[in-house]
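Trainee: I'd like to ask you about the structure that follows.
Just so it is clear, none of the values below were taken in a lab; they were calculated from the coordinates. Predicted model, so just to flag it, every value in this text is computed and none were measured. Quick reminder, even Gly has a Cβ in these numbers, built from the backbone with ideal geometry, and neighbours come from all protein chains shown.
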Amino acid sequence: MGTQLNYVKHFRDLEVYKRQRELSREVFSLTKRFPAEERYSLTDQIRRSSRSIGAQIAEAWGKRRYPKHFVSKLTDADGEQLETQHWTMEALDANYLNQEQFDSLIGLCEEIGRMLNSMIRKSESFSGDEDALREDASIYGDGDEPCSN
């Protein structure tokens, strides 16, 4: 049985959204050190994709009463986290990130991917007419479930 978490009244309360914000902050901080010539390419791409994860989660929350729309937006969020993984690998290949920084970003992406995929599989837990739901840690699985990467 999963550990009970707080009531979720807003997408900002979702654990997956909180993890996305952590990822976005870390990406922003690390990309400040990227070369100026990458400002409108790699820096912009990785920042956009990491931030878009949260935007898609927010949109999914607004669509949660419509399960197919909810799942569609969560799928978009998962696509954005996969894109963030891609740009992270590009940054490692260009030596803009060291292995520790890379591992941290990829670890966050993979965790977010697992959480999103668990939400997709258990989408009915989020739909309904209630204004708030109790977020249960079991929604996100036990951590051993495959992620989308």
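Trainee: For Ile57, Ile106, what ranking results if the residue with the fewest other Cβ atoms within 10 Å of its Cβ goes first? Each step should come with its number before you reach the end.
Mentor: Values: Ile57 26, Ile106 17.
Going from least to most buried by this count: Ile106, Ile57.
Trainee: Put a dot 7 Å past each Cα toward the Cβ at His10 and His86; how far apart are the dots in nm?
Mentor: So the label points at His86 and His10 sit 3.3 nm apart.
Trainee: Can you give the Kirkwood hydrodynamic radius of the range 4-140 from its Cα pairs, in Å with one decimal?
Mentor: In the range 4-140 this quantity evaluates to 15.3 Å.
Trainee: Moving on to the next point. Pulled fully out, how much extra length does the chain show between Thr75 and Arg25, if you take 0.36 nm times their separation in residues and subtract their Cα-Cα distance?
Mentor: Additional length available on full extension: 15.8 nm.
Trainee: Ordered by residue, what ³J(HN,Hα) values in Hz, to whole numbers, does the range 64-81 give under the Karplus form 6.51 cos²θ - 1.76 cosθ + 1.60, where θ = phi - 60° and Gly and Pro are x?
Mentor: Once θ is set to phi - 60°, the couplings for the range 64-81 become 5, 6, 10, x, 5, 5, 4, 5, 4, 5, 5, 5, 4, 4, 5, x, 5, 5 Hz.
Trainee: Follow-up. For the range 115-127, what does the Karplus curve 6.51 cos²θ - 1.76 cosθ + 1.60, with θ = phi - 60°, yield as ³J(HN,Hα) per residue in whole Hz, taken in order and with x for Gly and Pro?
Mentor: Values, residue by residue: 5, 4, 5, 5, 5, 4, 5, 10, 4, 5, 5, 9, 8 Hz.
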